[in-house]
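**Student:** So that we are looking at the same thing, I have put the structure below in structure tokens.
The values are calculated or read from the model by the stated rules, or taken from the named source; none is laboratory data. No experiment lies behind these values; they were computed from the predicted model shown. Heads up, the Cβs are rebuilt from the backbone with ideal geometry, glycines too, and the neighbour counts pull from every protein chain shown. Surface accessibility is based on the protein's heavy atoms, side chains included, excluding ligands, DNA and RNA. Shrake-Rupley method; radii C 1.70, N 1.55, O 1.52, S 1.80 Å.
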Amino acid sequence: MVQLIVGKKGKGKTKQLLDKVNTEVKDAAGTVVYLDKSTKHMFELNNKIRLINVSDYMITNSDEFLGFICGIISQDHDLQQMYFDSFLNIACLEGKDISSVIEKLDAVSAKFKVDFVLSISLDEQELPEDAKSKVIIAL
């Protein structure tokens, strides 16, 4: 399953995402991973959550990002949830259509039983039609 937290920059999406991941990890049976563009929020995350600074891995396009995600999934069979802060930035999708990437994440989620929660700096009405049904929080 792919879920979206959406709103313009500075609306509080990261706080919502951090609250959600810290709440969910208490009941998670498997591994929880949080991807971000820096380690800025390291001390706000429960110590059971694995923080990955995506900018360390020289990802330059959305295909490389999807490969990176599949690589993480392939090495951790207990992976249950992944949280993406600054999704447009870390997936190299700023100013681009996000439909195909969300579609692929949906397919990966179904195949490997991993849930994704994405923080996206767009208003709900700016999302592609097929993504609007995935919104759980709109700020």
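**Student:** Could you tell me whether Met1 is closer than 25 Å to Ala138 by Cβ, open to solvent by less than 30 Å² (accessible area, probe 1.4 Å) and under 15 Å from the mean Cα position of the chain (by Cα)?
**Tutor:** Considered against the rule, which asks whether it is closer than 25 Å to Ala138 by Cβ, open to solvent by less than 30 Å² (accessible area, probe 1.4 Å) and under 15 Å from the mean Cα position of the chain (by Cα), Met1 comes out as no.
**Student:** Output yes when any residue across the range 108-116 is open to solvent by less than 90 Å² (accessible area, probe 1.4 Å), in contact (Cβ under 8 Å) with a residue 12 or more places away in the chain and under 22 Å from Gly7 (Cβ atoms), and no when none is.
**Tutor:** yes
**Student:** Test Asp97 against the stated conditions and say whether it is touching a Pro at 6+ places or on another chain (Cβ under 8 Å) and either surrounded by fewer than 16 Cβ atoms within 10 Å (Cβ to Cβ) or assigned to a strand (DSSP E or B) (or both).
**Tutor:** Yes, satisfied.
**Student:** Here's a follow-up. Look at the range 110-130 and say how many of its residues are modelled with pLDDT of 95 or more, in a helix (DSSP H, G or I) and not charged (D, E, K, R).
**Tutor:** Looking only at that region, the number is 2.
**Student:** Among all residue pairs at least 6 apart or on different chains, which show Cβ distances below 8 Å where the first residue, located in the range 32-49, is closer than 20 Å to Ile120 by Cα and the second is open to solvent by 70 Å² or more (accessible area, probe 1.4 Å) and not in a loop (DSSP other than H, G, I, E, B)?
**Tutor:** These pairs meet every condition: Val32/Arg50; Val33/Arg50; Tyr34/Arg50; Lys37/Ser55; Ser38/Ser55.
**Student:** Only one of these is open to solvent by 30 Å² or more (accessible area, probe 1.4 Å) and either in a helix (DSSP H, G or I) or in contact with a Lys or Arg (Cβ under 8 Å, 6 or more places away or on another chain) (or both): Thr14, Thr39, Thr60. Name it. Can you show your working first?
**Tutor:** Numbers: Thr39 fails: either in a helix (DSSP H, G or I) or in contact with a Lys or Arg (Cβ under 8 Å, 6 or more places away or on another chain) (or both); Thr60 fails: either in a helix (DSSP H, G or I) or in contact with a Lys or Arg (Cβ under 8 Å, 6 or more places away or on another chain) (or both).
After applying the criteria, what remains is Thr14.
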